[in-house]
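Reviewing the structure listed below.
The values are calculated or read from the model by the stated rules, or taken from the named source; none is laboratory data. None of the values given here were measured: they were computed from a predicted structure. Virtual Cβ from ideal backbone geometry, glycine too; neighbours counted across all protein chains shown. Remember, those area values only see protein heavy atoms, side chains included, never the ligands or the DNA or RNA. Shrake-Rupley method; radii C 1.70, N 1.55, O 1.52, S 1.80 Å.
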Amino acid sequence: MPYDFAAIEAKWQEKWESEGTFYVNPDESKPKFYCLEMFPYPSGALHMGHLRNYSIGDLMARFLTMRGYNVLHPMGFDAFGLPAENAAIKYGVHPYEWTWNNIEKMTEQLKNMGCSYDWRRRITTCHPSYYRWNQWFFLKLYEKGLAYRAESPINWCPSCRTVLANEQVIEGGHCWRCGSEVTKRKLEQWFFATTKYAQELLDSLDDLPGWPENVKIMQRNWIGRSEGVRLKFEVPELEETLETFTTRVDTIFGVTYIALSPEHPLVSKIMALSPHEDAVGSFVQRVTNTNVTSARLQETEKEGVFTGFYAINPANGKSVPLWIANYVLMEYGTGAVMGVPAHDQRDFEFAQKYGIPIIWVVRPVDGDIEDMTRAFEEEGLSCNSGQFDGLTTSEALEAMANWAEENGFGKKEVQYRLRDWLVSRQRYWGTPIPVVYCDRCGIVAIPEEDLPVILPTDVEMPKEGSSPLPHLEEWINTTCPKCGGPARRESDTLDTFVCSSWYFLRFCSPWCDDKPFDDEVHYWMPVDQYIGGIEHACLHLIYSRFFTKVLADMGLVSFREPFINLLTQGMVIKDGAKMSKSRGNVVDPDDIIKRYGADTARLFILFASPPDKDLEWSDRGVEGAHRFLSRLWRYMEENIESLNNADPTPIAMDSLVEPDKRNLKRRIHKTIELVTRDIEVERQFNTAVARFMELFNEMNSYEPKDETDWSLLREAAETLVVCLSPFVPHICEELWDMLGHKGMVAKQSWPEVDPEALKEDEITIVVQINGKVRERLVLPAGLSEDEMVRRVFEDPKVQRRIEGLDVVKTIVVPDKLINLVVKR
RNA sequence: GCCGGGGUGGCGGAACAGGUAGACGCAGUGGACUCAAAAUCCACCGGUAUUUGGUACUGUGCGGGUUCGAGUCCCGCCCCCGGCACCA
């Protein structure tokens with residue numbers, strides 16, 4: 001019978017499901033292991049990236065189960081999101097229906113892959129039983145002051161018609177989801193106070209040795225901690241004190257102007273009082289009205305306007321002009337900066353353009369400022385700085401910060417680039433934010449016991465792509481829970497990243513209906529192995545860490561980091577580019593599974609490249625993987641009788657004499673050793689597959705002559721089937737069955753290495769002369785250095801090589817090589 | 001510009017800790033089987049030279065260095081990929 005993968009895969013998938021093979025519950029008698037892959041958005045169908053993600057996760061889950069762990073391996077759907085609304089408009093199908101159809105289809109696809117999930121735990125975030133807890137967490141954060149509503153300059157995606165969090169603006173100003181250019185707006189929105197956790201989010205990265213270094217670096221950059229000083233500048237004519245933040249307080253004597261952001265709160269007062277009122281007004285108007293996209297912000301030329309007012313430099317009492325400049329961001333620091341043209345390139349350009357003086361207050365250690373063509377930003381020695389002259393930059397930073405503090409015009413401060421997480425969205429298909437606006441009481445939170453606030457499903461989707469919620473009068477109009485008077489519901493919904501910030505907790509007890517999760521969370525959490533794409537380095541992975549820390553501070557969980565080990569898998573590439581519809585280089589997983597089977601697809605994906613690197617798709621490679629499975633199948637079928645008649649007890653190395661037999665025995669245990677290390681330590685599944693192929697090639701070419709041979713081949717076959725089963729589970733179940741076993745291979749223990757069997761009898765010793773390989777000698781393993789040297793010098797080939805030469809040095813690496821250093 | 005990661009056959013990729021470069025697979029070439037083809041099986045498969053059993057030289061982005069010995073370590077470049085980027 002040929003390898004009928006379709007029948008085999010259907011058979012075992014059905015068995016796994018009907019027998020509940022992968023159901024797990026807490027079990028204190030075993031070490032636990034929580035293996036999690038990032039759950040998908042139900043976009044309609046799995047793509048190759050999913051297939052890769054879930055093949056890796058399933059391999060790990062199955063492997064660890066065989067290693068004796070009690071493994072939680074769940075799956076669910078991140079089911080709120082904009083594509084459902086777009087589909088609704090495009091096809092006239094309700095987002096609810098579209099999403100649920102996709103979930104059913106994708107669940108089927110995941111089952112067809114043979115993934116070992118505990119499907120009883122499937123969660124879908126768009127279900128009220130899930131999103132009510134999003135609302136509950138929102139209320140908890142609101143109580144703690146960690147959720148707040150504020151007006152702020154924010155990012156707006158015109159195509160998605162919603163605001164975006166900072167993290168969700170990527171590639172220099174584009175929407176993470178649709179790629180449109182994002183514009184800046186000033187709106188009142190809901191935020192989660194991630195910045196309150198900035199320092200801990202940064203510090204505890206050091207407690208995550210199981211995370212890839214590059215992800216930690218990306219998060220460090222994203223959090224962007226910088227130490228500096230907050231300085232006060234008096235503006236006597238306005239009777240105001242301005243604050244600026246600087247990381248270069250050592251350049252304070254070089255301040256020649258102060259620049260405010262056009263959005264700075266003082267600007268309105270300035271406009272009212274300025275002698276250059278018209279110029280200032282028109283400048284501010286022009287800059288704030290230019291609906292500049294973040295992408296273009298960086299290329300915009302520096303511009304500014306003099307206000308007519310002067311600030312006093314507290315370091316030396318000098319008056320410096322007060323400007324308003326377009327390059328000062330309101331979102332960072334204080335929205336005002338001290339201008340030091342000599343030592344900041346941006347200030348330099350600005351000063352040159354407007355003829356502002358340049359005062360050098362740091363000079364290079366060796367030499368002088370000669371060329372005035374750009375700012376000197378490096379470290380050096382202070383000059384023109386009064387009593388601080390001659391200090392090195394690091395000394396000056398410390399001394400001048402202390403001086404500023406002692407004299408009351410400065411305070412050391414830490415600033416972060418990280419902003420608070422903007423969580424409200426002007427979208428329909430999301431979690432309703434559980435607050436109302438009451439004319440009398442203002443913002444009022446919905447009481448906990450009234451949750452969930454159900455997202456109305458009986459709605460007409462507006463054609464132009466906006467949310468129907470603000471116009472849904474019967475839903476919007478409600479009563480204030482506080483005073484009973486009329487109130488309007490919040491019509492914004494929560495960012496879908498809120499759903500994914502705690503779903504890993506919900507998997508521990510998805511049936512819990514009076515809490516977001518129950519005590520099982522203490523058994524399973526934290527996640528031992530998390531697997532997903534690197535694109536979430538500064539999105540989901542930061543939000544989840546933040547959520548976990550907040551929950552820990554609320555006493556709901558006892559750990560402060562959700563994911564102990566992280567594996568970020570590479571992209572799936574075809575013809576040198578990421579698979580995408582627009583490029584037309586997409587390969588559909590369904591087609592591959594239909595044509596070759598899930599086992600082939602999984603094997604190819606795991607074999608083609610290491611998990612953290614990009615994977616180049618190759619149709620030929622898929623055929624190669626399929627060929628291997630077919631050969632394995634054929635070999636087993638052809639030899640099944642002899643294998644089943646053979647003595648199933650493994651024969652000890654001691655009782656094997658002939659080299660062929662000893663070699664085969666050694667190969668079996670070498671394979672176990674190497675494959676175990678590949679999976680557990682190296683996380684290189686491609687090389688593990690190569691080892692299996694080597695073992696199989698050796699079995700296949702082995703010519704059995706007696707009972708012992710067949711017994712050895714049986715051990716080889718069983719080892720191969722057991723070890724290969726996390727990679728290609730269906731065919732291995734079938735082969736395990738053919739080998740006469742009753743239980744499932746999925747429930748087998750991972751084989752133990754017999755150290756006796758690993759010992760080599762003979763070793764090929766390399767003989768180098770002056771570092772070049774000249775001869776190879778087969779010698780018994782374990783010779784002493786002297787014995788090795790003696791045997792090498794006895795060898796006639798070696799003797800011929802060194803005839804007439806003077807061996808000045810002999811380097812010996814036992815059981816490996818000898819290098820003869822010779823002279824004429 | 002700053003910060004990461006990476007450059008190894010025709011291709012995907014191996015090479016634990018400085019010790020046989022190219023495991024495994026793909027493609028290719030030659031052969032077997034076949035009326036023929038596919039499938040399958042066997043052999044070869046970095047380059048150059050050659051007297052072709054074989055041998056020598058050369059070869060891991062480029063140029064230096066350390067070492068008995070370097071894909072691996074050090075110094076200086078080049079190129080590709082990713083992240084951040086008016087963050088004061």
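A residue that is aliphatic (A, V, I, L, M) and either under 15 Å from A:GLU733 (Cβ atoms) or exposed (fewer than 14 other Cβ atoms within 10 Å of the Cβ) (or both) cannot be found anywhere in the range A:21-40. Could you tell me how many of the residues in the range A:785-824 are more than 13 Å from RNA strand B (Cβ to nearest atom) and either in contact with a Phe, Trp or Tyr (Cβ under 9 Å, 6 or more places away or on another chain) or in contact (Cβ under 8 Å) with a residue 60 or more places away in the chain (or both)? Of the residues in that region, 1 qualify. Only helices (runs of 4 or more DSSP H) whose full extent lies in the range A:654-740 are considered here, and the ones with at least 3 residues that are more than 10 Å from RNA strand B (Cβ to nearest atom) and open to solvent by 10 Å² or more (accessible area, probe 1.4 Å) are A:659-677, A:707-724, A:729-738.
Taken over the range A:187-229, the criterion of being within 15 Å of RNA strand B (Cβ to nearest atom), buried (at least 16 other Cβ atoms within 10 Å of the Cβ) and assigned to a strand (DSSP E or B) is satisfied by A:GLY228, A:VAL229. Note on the range A:538-588: among residues that are within 20 Å of the chain's Cα centre (by Cα) and basic (Lys, Arg), the one that is most open to solvent (accessible area, probe 1.4 Å) is A:LYS578. Of the residues A:PHE245, A:PHE309, A:PHE283, A:PHE253, the single one that is farther than 29 Å from A:THR392 by Cβ and within 16 Å of RNA strand B (Cβ to nearest atom) is A:PHE283. Residue selection: A:GLU413 satisfies the criterion of being under 24 Å from A:SER226 (Cβ atoms), in a strand (DSSP E or B) and either in contact (Cβ under 8 Å) with a residue 60 or more places away in the chain or open to solvent by 50 Å² or more (accessible area, probe 1.4 Å) (or both).
The numbered conditions (1) open to solvent by 40 Å² or more (accessible area, probe 1.4 Å); (2) at pLDDT below 95; (3) of a type in the set (Gly, Ala, Ser) are all true for A:ALA781 except (1). Within the option set A:LYS184, A:LYS144, being at pLDDT below 95, open to solvent by 10 Å² or more (accessible area, probe 1.4 Å) and among the charged types (D, E, K, R) holds for one residue only, A:LYS184. Condition first: more than 26 Å from the chain's Cα centre (by Cα) and either of a type in the set (S, T, N, Q) or part of a loop (DSSP other than H, G, I, E, B) (or both). Now tell me which residues in the range A:128-157 satisfy that. Residues satisfying the conditions are A:SER129, A:LYS144, A:GLY145, A:SER152.
If I ask for residues that are assigned to a helix (DSSP H, G or I), closer than 14 Å to A:VAL527 by Cα and open to solvent by 10 Å² or more (accessible area, probe 1.4 Å), which ones from the range A:61-95 would you list? Across the range A:61-95, the qualifying residue is only A:LEU64. Could you say whether any residue in the range A:550-569 is β-branched (Val, Ile, Thr) and in contact with a Ser or Thr (Cβ under 9 Å, 6 or more places away or on another chain)? Yes, the conditions are met somewhere in the range A:550-569. Give the number of residues within the range A:322-362 that are polar (S, T, N, Q) and in a helix (DSSP H, G or I). Result for the range A:322-362: 2.
When the range A:611-649 is filtered for residues that are aromatic (Phe, Trp, Tyr) and near RNA strand B (Cβ under 6 Å from one of its atoms), nothing remains. Residues that are open to solvent by less than 60 Å² (accessible area, probe 1.4 Å), over 29 Å from A:ALA61 (Cβ atoms) and more than 24 Å from the chain's Cα centre (by Cα) do occur in the range A:98-115, at least one of them. Checked against the criterion of being under 25 Å from A:VAL657 (Cβ atoms) and modelled with pLDDT of 90 or more, the candidates A:VAL753, A:VAL745, A:VAL821, A:VAL767 yield just one match: A:VAL753. In this structure, does A:LEU208 turn out to be over 24 Å from the mean Cα position of the chain (by Cα) and either not acidic (Asp, Glu) or not assigned by TED's automatic domain parsing to the domain that holds A:ASN289 (or both)? Judged against the criteria, A:LEU208 is not a match.
Rundown of residues vs (1) open to solvent by 10 Å² or more (accessible area, probe 1.4 Å); (2) in contact with a Phe, Trp or Tyr (Cβ under 8 Å, 6 or more places away or on another chain); (3) within 11 Å of RNA strand B (Cβ to nearest atom), yes/no style:
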residue	(1), (2), (3)
A:HIS264	yes, no, yes
A:SER268	yes, no, no
A:TYR327	yes, yes, yes
A:LYS353	yes, no, no
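Being within 14 Å of RNA strand B (Cβ to nearest atom) and of a type in the set (D, E, K, R) holds for only one residue in A:GLU752, A:GLU762, and it is A:GLU762.
Quick check on the range A:596-609. Is at least one of its residues surrounded by fewer than 15 Cβ atoms within 10 Å (Cβ to Cβ) and either within 9 Å of RNA strand B (Cβ to nearest atom) or over 30 Å from A:ASP206 (Cβ atoms) (or both)? Scanning the range A:596-609, I find no residue that is surrounded by fewer than 15 Cβ atoms within 10 Å (Cβ to Cβ) and either within 9 Å of RNA strand B (Cβ to nearest atom) or over 30 Å from A:ASP206 (Cβ atoms) (or both), so the answer is no.
Remark: pairs (first residue in the range A:205-231, within 17 Å of A:ARG545 (Cα to Cα) and of a type in the set (Lys, Arg); second residue part of a helix (DSSP H, G or I) and more than 8 Å from RNA strand B (Cβ to nearest atom); Cβ separation under 7 Å; 6+ apart in sequence or on different chains) = A:LYS216/A:LEU205; A:ARG220/A:LEU202; A:ARG220/A:LEU205. With respect to A:PRO153, is the statement that it is open to solvent by less than 40 Å² (accessible area, probe 1.4 Å), under 22 Å from A:ILE542 (Cβ atoms) and near RNA strand B (Cβ under 10 Å from one of its atoms) true? Answer is no for this residue.
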